[in-house]
Every structure is written in structure tokens, then in C-alpha cells.
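Below is one structure, written out as C-alpha cells; comments come after it.
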Amino acid sequence: MQSPGFWDDQERAAAVSAEHASTARRLDAFRSLERDIDDLEALEEMAAEDESIVAELDEQRSSIAARLAELEEARLFSGEYDAGDAVVTVSAGAGGTDSQDWAEMLLRMEMRWAEARGLKPELKEVSPGEEAGIKSASFITRGENAYGLFSAEKGVHRLVRISPYDAQSRRHTAFAGVEVAPLVEDAVDVEIDPEDLQIDTYRASGAGGQHVNKTDSAVRITHRPTGLVVQCQNERSQSSNRDTAMKMLRAKLIEREDRRRREALAKERGEAQDVGWGSQIRSYVLHPYTMVKDHRTNVEAGNAQGVLDGDLDEFVRAELLRRAGDGHTA
């Protein structure tokens, strides 16, 4: 960063500066932990002679354990795109209105978890359901290890509850899916032929800026060779929506190619392949009892409402550890 001409290339300089800041934060956290562990030894000796210090000792131990767990988690992000930002898409599955309502609940849960983790989720597109909920929604989440973290949420999420849309109050099962792709700003490894794109503009609906419902500013891009569709409606102008939609398309193409490579490797090794949309990763049961269970790691939580409010750390960490044990990267 101190070399002559470093700031001549603003984009590269910004990327290097961001990497420097991230590395400096990790180093500071490590050194701070080293100091506190040294202090802990002295505190234990004092607590052996003075009981009034025991509470402070317990508090210090808990703090160190939590920070060690965070460092251990950071070690798990070894994939090519893990450290970067992510494009997250939530889609309603089978189950009609119940699934569309569930998709909206799932979107809220994922965005609240992102905020709790100190990430910055930006909602880019929402397609409302016919009666309630949403058919789909996409958001970009920015921050350290965003893609690595959200990759643990990929798959189908299943909800079991008494349906508020059933006049006879019967129990219903609803499904919604979470897709996650790496947002690569400088995607030099992805070539998109403009001839392969169908670009449609339409009038945005729902919450948004002053222009919503007045101009055809929302953009939908269809990539004909793959059938991938991306939409963006929450930027200030049609050109901004188009730029963001193109970034989202690149992200999905990268994720698609990455998945194909993993599946090819798995086939060569004779391993079971990830079936993508068909893989049910977690169940959320609200009736006749309350429990959330992750089917990949068997982690369970009785406080289903807490999980739906964004308390996902235990599930995500367990999945990241499972992958690390399997030698699998996102």
C-alpha cells in the first residue's frame, strides 16, 4: 500500500485496502485474545486467594471461549469465494399460499441473522404472492465471510404448522428454498454474450422509492442458455437496476459452474451428489410441538421462535464444521 503509484488504480487500491483492514482486524482480535489469556492466568491465582474475584474470572473465561469459537469459525472459510459478498434468493416451493407465507418468514429470518452478524443485507427484488407472502425475493449481503456463512443456508427449508389459511385449522407442511451465490465484482472468469440475454423492464411493485409504480424502472434479465432469471427493482434508476441485475446474474453463473465442478468430482469419487433444490436441510415444527432440526448435523433447538427471529449461529457453525470434517468447501 505504501509503494509509489498504489492509488493510481482506484479499484485495485480499494480492494487491497479492504483486504488490509480485514486482515488487521483478525490480527488485532488474535493479539487481544493472547493478552487476555495471559491475564486469565494471573486472575486465576488471585481468585484462589480472594473469592470476590471468582465472578470476574468466570466472565473473562466466557468471553475468551466465545472469541475462540469465533476464530475457529473464521478458520473454516477456505473456499475461493467464502470471504466475499453473497447474493441470496428465497423462493416459495410446493404448498400454495402457505409456502409463499413461509418464504416471507424465511426471508425475514435470513436478513435478521445477517444484521445480527454485522453483515449488511440489501433487498433488491420482491415478487409478492397472490394472497400473502412472497413468490421469491433476492438480497445482496455484504461483509466479511458473507458467502461462506450463507452457503450453510443453501437448500430447502420445511415448515410444519397449523395453517392460518385453512378454515378448518389443519396442520400443513410448506417448503421454501434458499439459493446462495458469490457476488464477484470483477468477474473476469465469467463471459456473458449479450445475444444470450433477454432484458425486460416492468413497473416495480411494493415498497420502494418515490418512482415505484410510476416508471418501468425494474429490470428482469433472462439468460437463455441456462434459463437463469434475475430481477432487481429497488435501485434508484433503470440503469442501476440493470447493473445490479447483471452482477446477480454473474454470481448465479459462477455458483452454477462451481456446483457442476463439485458434482463432477463427487461422481468421480463415487460420492453421493448434492441434489440442490431437492435437498431438505432443516425442519421448523410449530405444531404439535416446537422444534427446529437440521437434518445434516442433527442440531436441534426448542426455541423455534428465536430461530425464526434470526438465531442461526449454532446451526450454521455446526454445518461449517461438518463440511470441514468432510473436506467439503462451499
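The values are calculated or read from the model by the stated rules, or taken from the named source; none is laboratory data. Being a predicted model, the structure only gives us computed values, none of them experimental. Every residue, glycine as well, gets a Cβ built from its backbone with ideal geometry; the counts of neighbours run over all protein chains shown. The area values use the complete protein model at the heavy-atom level, side chains included, leaving out ligands, DNA and RNA. Shrake-Rupley method; radii C 1.70, N 1.55, O 1.52, S 1.80 Å.
Lys and Arg at +1, Asp and Glu at -1: add these up for the other residues within a Cβ distance under 12 Å of Glu70 and post the number.
Neighbourhood net charge equals +2.
Just list whichever of Lys252/Lys293; Lys154/Lys252; Lys154/Lys247 have alpha carbons separated by over 23 Å in the model shown.
Over 23 Å Cα-Cα: Lys252/Lys293.
Using the Karplus curve 6.51 cos²θ - 1.76 cosθ + 1.60 with θ = phi - 60°, work out ³J(HN,Hα) for each residue of the range 51-68 in order, rounded to whole Hz, and write x for Gly and Pro.
Working through the residues one at a time gives 5, 5, 8, 4, 4, 5, 5, 4, 5, 5, 4, 4, 4, 5, 4, 5, 6, 5 Hz.
Give me the net charge for the shell around Gly129: Cβ to Cβ below 9 angstrom, other residues only, Lys and Arg +1, Asp and Glu -1.
-3
Based on the mean of other Cβ atoms within 10 Å per residue, sort peptides 112-119, 192-199 so the most packed one is first.
Output ranking for 112-119, 192-199: 112-119, 192-199.
From the residues Ala55, Leu43, Ala65, which one has its Cα farthest along the dipole of the range 35-74 in the positive direction, the dipole being from +1 and -1 charges on Cβ of Lys/Arg and Asp/Glu about the Cα centre?
The one lying farthest along the dipole's positive direction is Ala65.
Spelling out what I want: for every residue of the range 307-324, take phi, set θ = phi - 60°, compute 6.51 cos²θ - 1.76 cosθ + 1.60 (Karplus), and round to whole Hz; glycine and proline get x.
Using θ = phi - 60°, the values come out as 5, 5, 8, x, 8, 10, 3, 4, 5, 5, 4, 5, 5, 5, 5, 4, 4, 4 Hz.
Please compute the net charge surrounding Gln198, taking Lys and Arg as +1 and Asp and Glu as -1 over other residues with Cβ under 11 Å from its Cβ.
Counting the neighbours of Gln198, the net charge comes to -1.
Could you point to the label whose value was computed as semi-axes √(5λ) of the Cα gyration tensor in Å for the structure here, given (i) 37, 21, 19; (ii) 37, 29, 20; (iii) 33, 23, 19?
So the calculated entry is the one marked (ii).
Measure nothing but the geometry: give the 0 to 90° angle between the long axis through the Cα atoms of 10-49 and the longest principal axis through the Cα atoms of the chain, rounded to 10°.
It is inclined by approximately 30 degrees.
Please give the per residue accessible area of the chain, computed with a probe of 1.4 Å over protein heavy atoms only, in Å².
It amounts to 55 Å² per residue over the chain.
Using a 1.4 Å probe on the protein chains only, how many percent of the accessible area of the chain belongs to carbon and sulfur?
For the chain, the apolar C and S fraction of the accessible surface comes to 46 percent.
Using the C-alpha atoms of the range 73-122, what convex hull volume per residue, in cubic angstrom, is computed?
Hull volume over Cα atoms, normalised by residue count, gives 105 Å³.
Which of the peptides 134-144, 5-15, 250-260 is most tightly packed, and how do the rest follow, judged by the mean count of other Cβ atoms within 10 Å per residue?
Result, highest mean Cβ count within 10 Å first: 134-144, 250-260, 5-15.
Using a Gaussian network model of the chain with C-alpha springs under 10 Å, which one of His20, His172, His295 is most mobile by mean-square fluctuation?
The residue that fluctuates most here is His20.
Where does the range 24-148 land on Rg/Rh, using Cα atoms and the Kirkwood Rh?
Result for the range 24-148 is an Rg/Rh of 1.21.
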